[in-house]
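**Q** Have a look at this one.
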Amino acid sequence: MALALVQVGLLVKDQLVVVGAARAGAREAAVTADDASVTQAVQDAAPTLDPARIEVSVTREGGVGTAANVQVTYHASVAIPLVRWLFPSSIDLTGSGTMRQETG
């Protein structure tokens, strides 16, 4: 039981990192129109996560002053082998951030 609680704690930590990375991506999307730099900002803000398991979606509504939305999905795996049977094989953690565009 204690190991299951540790695994849940690890997933919560990853969720917090995903939300922070989405905010960092939204900040980058607000100042640049380059989606590759937004993806790089998300990966830089999430150094503890596996970059191969991160998906980044960038949506812009228009030009200057309109919203830029960044959605980050992380396909987390169960890190503690003894409790794998309690969890699904992959757990999707999501976070999003929205900021107004400064360039367009």
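The values are calculated or read from the model by the stated rules, or taken from the named source; none is laboratory data. Since the model is a prediction, treat every value here as computed from it, not as a measurement. Neighbour counts are summed over all protein chains in view; Cβ atoms, including those assigned to glycine, are modelled from backbone coordinates with ideal geometry.
**Q** In region 22-55, how many residues are under 30 Å from residue 4 (Cβ atoms) and either assigned to a helix (DSSP H, G or I) or touching a helix residue (DSSP H, G or I) at 6+ places or on another chain (Cβ under 8 Å) (or both)?
**A** So the count comes out to 12.
**Q** Mind checking which pairs have a first residue in region 58-82 that is of a type in the set (Phe, Trp, Tyr) and a second that is in a strand (DSSP E or B) and surrounded by 13 or more Cβ atoms within 10 Å (Cβ to Cβ), Cβ under 6 Å, 6 or more apart or different chains?
**A** 74/54; 74/93
**Q** Consider region 92-104. How many of its residues are under 17 Å from residue 14 (Cβ atoms) and surrounded by 15 or more Cβ atoms within 10 Å (Cβ to Cβ)?
**A** 4
**Q** Something else: Starting from residues that are among the β-branched types (Val, Ile, Thr) and without any contact (Cβ under 8 Å) to a residue 40 or more places away in the chain, keep the ones in region 18-52 and report whichever is farthest from residue 81 (Cα to Cα).
**A** 38
**Q** Another question, then. State the number of residues belonging to region 31-66 that are of a type in the set (Gly, Ala, Ser), more than 20 Å from residue 79 (Cα to Cα), surrounded by 13 or more Cβ atoms within 10 Å (Cβ to Cβ) and modelled with pLDDT of 95 or more.
**A** Counting residues in region 31-66 that are of a type in the set (Gly, Ala, Ser), more than 20 Å from residue 79 (Cα to Cα), surrounded by 13 or more Cβ atoms within 10 Å (Cβ to Cβ) and modelled with pLDDT of 95 or more gives 4.
**Q** Turning to a different aspect of this structure: With respect to residue 6, is the statement that it is buried (at least 18 other Cβ atoms within 10 Å of the Cβ) and either touching a Lys or Arg at 6+ places or on another chain (Cβ under 6 Å) or outside any loop (DSSP other than H, G, I, E, B) (or both) true?
**A** Taking the combined requirement at face value, the residue does not satisfy it.
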